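What follows is a short report on a single structure.
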Amino acid sequence: MPTSSTQAESEPRDNSAQPREAELAGLVADHRLLHAPRLRRLWDYYRNPAKPGAAPAATPRSADLAQAVGLPDRLRSTPGKQREIVIENDIAWRIDTLVDYMFGQAPAIRSLAPDPDRAAEITRFLRAVLDASGGPMLFQNAALLGTVYGHVDLLLNLKPISSGNRADPADAAHAFRIEPIDAQRGIPAVSDDDYRALTGYLVLHRDASAKARPGLLSRVRAAVSGAPGRDETITHWSARSAAVYRVGGTTGRWRSVRQERNRLGRIPVVHIQNLPQPLVYRGLSEVEPLIPLQDELNTRLSDRANRVTLQAFKMYLGRGIEQFTERPIAPGQMWHTDNPDASIQEFGGDAASPSEELHINEVRDALDKTSGVSPVAAGVLRGKVGNLTSQNAVRLVLMGLIARVERKRLTYGLGIEQLCELVLHAADVLGVLPNTPDERRVRIDWPDPVPENQQEQLAMAERKLALGVPRETVLGELGYADCGAA
């Protein structure tokens, strides 16, 4: 939400804002028609929730799960004929494992201010701001949203700061709140000259008091016009102001609720691409390339389930035996007949299907290669994988995952640096921690995604100290950044 009135001066509203509201309404309409369905599909394939109202959430049937939309028509259940549906979500655990390797431990952030005392003060302030915004959970939530949607936007919200807390940066840090914005709620207004520059940013806030579900006509009108179908609050950020609008669901009319001056002079949003996509604001999602493979896996697992259901039990065809259907088939059971042409034929029973198993395993291997995350990364060891006691052997097995993590750390690391610069800029504007642009640079020390042997780490640290590497750098690599700052 925008800065409170104690920090921002209200601006008089003029009639020239009406064309801007029409432009914002167009951005919202394009978002709902073009981007929101795709983003919702990405999240549904990751989360795989049960369809609302289809079955109790505690015990959903497989056909009621979100990934069931990717199954072919032949696996659809029809009246009087229930098909066996198997949904195995191979996307969620890969995404979660990737996020764990990226931000299992929060990176250490250190100020690069020229003066060591100022660097220590700025470092303490930044850590206090990050801790107040969730600490390690802030990075994990941002990485999860970015990995699923392809990008994540971090919004800096400022709360009122009392005059008593303004003198102590550590106490004032609680007024700086960093919020990861769900891509379904955040709408960027990208500059025509530079796809990396924002001219505005909108955040959708659904009204919690509007609990009534809109009718079919309202939903169709909302899809065409971009109106939400019921009252909704929308916050628009620009370099000059922060405006809150109330949008009517039935009329689509925008009503200004509050408009305040943006004292920061810039849009308080930091954009992070999950994986770089040239000349496009949005990055590459980790979920999107896995969707076709996930559909194929669910299809083949469902086919196998139907085959097993059909052939799991032996069946018998009796000919020329009186009352054959009325007598149970059990040990010691006997039939007698005077018909010399009588017979009992056995059929059914499960049988091996090597091609089916081979195809399923190949689909799983394709998921491993596409995502870069193998079951070994999640701690699942199948068969003989060799001697993994060596550090180099582990890294060879996880080479694809480590390469992807390092690639993602480039984009997320740049985003964290920009976030720290934005926080320090806001602290300077508000008078909480006056600083200069050359004091806003930071260094990020990432933990090793594959934990090393502690004895080897200490021995390597001693060698680095002997070579003249600064003590603070060595302690930061070991995860003792606070000791280095002291």
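The values are calculated or read from the model by the stated rules, or taken from the named source; none is laboratory data. Computed from a predicted model, the values in this text were never measured in an experiment. For neighbour counting, all protein chains shown are included, and Cβ atoms are generated from backbone atoms with ideal geometry for every residue, glycine included. Areas reflect the complete protein model, heavy atoms only, side chains present, ligands, DNA and RNA absent. Shrake-Rupley method; radii C 1.70, N 1.55, O 1.52, S 1.80 Å.
Considering only residues that are open to solvent by 10 Å² or more (accessible area, probe 1.4 Å) and touching a Lys or Arg at 6+ places or on another chain (Cβ under 6 Å), look in the stretch 101-131 and name the one that is modelled with the lowest pLDDT. Checking each candidate, the answer is R110.
On the basis of being modelled with pLDDT of 80 or more and among the hydrophobic types (A, V, I, L, M, F, W, C), does L279 make the cut? Even if it seems obvious, please write down each step before you answer.
Details: modelled with pLDDT of 80 or more: yes; among the hydrophobic types (A, V, I, L, M, F, W, C): yes.
The answer is yes for L279.
Against the numbered list (1) exposed (fewer than 15 other Cβ atoms within 10 Å of the Cβ); (2) in a helix (DSSP H, G or I); (3) not acidic (D, E), V376 comes up short only at (1).
Just one of (1) more than 30 Å from D182 (Cβ to Cβ); (2) touching an Asp or Glu at 6+ places or on another chain (Cβ under 9 Å); (3) modelled with pLDDT of 75 or more fails for P340. It is (2).
K408: in a helix (DSSP H, G or I), in contact with a helix residue (DSSP H, G or I) (Cβ under 7 Å, 6 or more places away or on another chain) and modelled with pLDDT of 90 or more, yes or no? In short, yes. I'd like to know if the stretch 303-323 contains one or more residues that are surrounded by 15 or more Cβ atoms within 10 Å (Cβ to Cβ), modelled with pLDDT under 90 and either among the aromatic types (F, W, Y) or in a loop (DSSP other than H, G, I, E, B) (or both). Yes, there is a match, as at least one residue in the stretch 303-323 is surrounded by 15 or more Cβ atoms within 10 Å (Cβ to Cβ), modelled with pLDDT under 90 and either among the aromatic types (F, W, Y) or in a loop (DSSP other than H, G, I, E, B) (or both).
If you go through the stretch 183-198 one residue at a time, do you hit one that is part of a helix (DSSP H, G or I), buried (at least 17 other Cβ atoms within 10 Å of the Cβ), among the polar types (S, T, N, Q) and touching a residue at least 12 places away in the same chain (Cβ under 8 Å)? Full working, then the answer.
Pass one, the stretch 183-198, residues part of a helix (DSSP H, G or I): none.
No, because not a single residue in the stretch 183-198 is part of a helix (DSSP H, G or I), buried (at least 17 other Cβ atoms within 10 Å of the Cβ), among the polar types (S, T, N, Q) and touching a residue at least 12 places away in the same chain (Cβ under 8 Å).
So, in the stretch 31-59, of the ones that are open to solvent by 80 Å² or more (accessible area, probe 1.4 Å) and modelled with pLDDT of 90 or more, which residue ends up farthest from the chain's Cα centre (by Cα)? The extreme case among them is L33.
Every condition in (1) open to solvent by less than 40 Å² (accessible area, probe 1.4 Å); (2) of a type outside the set (V, I, T); (3) in contact with a Ser or Thr (Cβ under 9 Å, 6 or more places away or on another chain); (4) without any contact (Cβ under 8 Å) to a residue 40 or more places away in the chain is met by Y245 except one, and the failing one is (4). Taking residues in the stretch 10-35 that are closer than 17 Å to T233 by Cα, and partners anywhere that are modelled with pLDDT of 80 or more and open to solvent by 30 Å² or more (accessible area, probe 1.4 Å), the pairs with Cβ atoms closer than 6 Å and at least 6 places apart or on different chains are E21/W254. A search for C-beta distances below 9 Å between a residue of the stretch 266-277 that is on the phi < 0 side of the Ramachandran plot and any residue that is among the charged types (D, E, K, R) and open to solvent by less than 30 Å² (accessible area, probe 1.4 Å), counting only pairs 6+ apart in sequence or on different chains, returns V269/D153; V270/D153; H271/D153; I272/D153; N274/E286; N274/K408; L275/E286; L275/K408.
The residue list L275, L279 contains one member that is within 17 Å of the chain's Cα centre (by Cα) and among the aliphatic types (A, V, I, L, M), which is L275.
Annotation note: Cβ proximity below 6 Å between a residue of the stretch 426-440 that is in contact (Cβ under 8 Å) with a residue 12 or more places away in the chain and a residue that is outside any helix (DSSP H, G or I) and buried (at least 20 other Cβ atoms within 10 Å of the Cβ) (sequence gap 6+ or interchain) occurs for A426/L264; A427/L433; V429/L264; E439/A113.
If you go through the stretch 142-163 and keep only what is open to solvent by 20 Å² or more (accessible area, probe 1.4 Å) and over 25 Å from A242 (Cα atoms), you end up with just L144. Among residues of the stretch 359-370 that are free of Cβ contacts under 8 Å to residues at least 40 places away in the same chain, those with a Cβ under 6 angstrom from a residue that is not acidic (D, E), sequence gap 6+ or separate chain, pair up as D368/S374.
Picking from residues in the stretch 137-182 that are part of a loop (DSSP other than H, G, I, E, B) and on the phi < 0 side of the Ramachandran plot, the one that is modelled with the lowest pLDDT is A167.
This table checks each residue for (1) touching a Gly at 6+ places or on another chain (Cβ under 7 Å); (2) open to solvent by 30 Å² or more (accessible area, probe 1.4 Å); (3) modelled with pLDDT under 90; (4) assigned to a helix (DSSP H, G or I).
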residue: I360; (1), (2), (3), (4): no, no, no, yes
residue: R364; (1), (2), (3), (4): no, yes, no, yes
residue: V385; (1), (2), (3), (4): no, yes, yes, no
residue: A426; (1), (2), (3), (4): no, no, no, yes
residue: P434; (1), (2), (3), (4): no, yes, no, no
residue: I444; (1), (2), (3), (4): yes, no, no, no
residue: A461; (1), (2), (3), (4): no, no, yes, yes
residue: L465; (1), (2), (3), (4): no, yes, yes, yes
